[in-house]
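First up is the structure itself, then whatever we jot down about it.
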Amino acid sequence: MRMSTKSRFAVQAMIDLALRERSGPVALAQIAARQGVSLSYLEQLFSRLRRAGLVESTRGPGGGYTLGRRAPELSVADIVAAVEDDVTGA
């Protein structure tokens, strides 16, 4: 299956988040720096992921994002469906 750049970045960011969330919420700026993606682009992606319930946000100092479900309950298909406008390929 071919994935769009948007989907690929979303999946990579979610993996990054899953690997680091044990120490608390992860700031998007940290993910952006590690993944080499612009912060504003990640903000757009995470807005969609939050609406889909795949991530939860925490505001304020020490805030950031955590997974909305346990990692084993998430699939690549869930992430792609959350960020893509049309996943049917039509």
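The values are calculated or read from the model by the stated rules, or taken from the named source; none is laboratory data. Keep in mind that what you see is a predicted model, and the values were worked out from it rather than measured. Ideal geometry is used to build each Cβ from the backbone, glycine not excepted, and the neighbour counts take in all protein chains shown. Just the protein is used for accessible areas: all its heavy atoms, side chains included, with ligands, DNA and RNA removed. Shrake-Rupley method; radii C 1.70, N 1.55, O 1.52, S 1.80 Å.
Keeping to region 46-90, report how many residues are over 17 Å from residue 19 (Cα atoms) and either in contact with a Leu (Cβ under 9 Å, 6 or more places away or on another chain) or of a type in the set (D, E, K, R) (or both).
Result for region 46-90: 10.
So residue 42 ticks every box in (1) surrounded by 12 or more Cβ atoms within 10 Å (Cβ to Cβ); (2) outside any helix (DSSP H, G or I); (3) not basic (Lys, Arg) but one. Which box is left unticked?
All conditions pass for residue 42, except number (2).
Out of the residues in region 4-34 that are surrounded by fewer than 18 Cβ atoms within 10 Å (Cβ to Cβ) and among the small types (Gly, Ala, Ser), which is farthest from residue 63 (Cα to Cα)?
So the residue we want is 4.
Residue under question is residue 14, and the condition is that it be assigned to a loop (DSSP other than H, G, I, E, B) and of a type in the set (A, V, I, L, M, F, W, C); does it hold?
no
Any residue at all in region 58-79 that is outside any helix (DSSP H, G or I), among the hydroxyl-bearing types (Ser, Thr, Tyr) and open to solvent by 60 Å² or more (accessible area, probe 1.4 Å)?
For region 58-79, residues outside any helix (DSSP H, G or I), among the hydroxyl-bearing types (Ser, Thr, Tyr) and open to solvent by 60 Å² or more (accessible area, probe 1.4 Å): present.
Could you figure out which of (1) part of a helix (DSSP H, G or I); (2) modelled with pLDDT under 95 isn't true of residue 49?
Single failed check for residue 49: (2).
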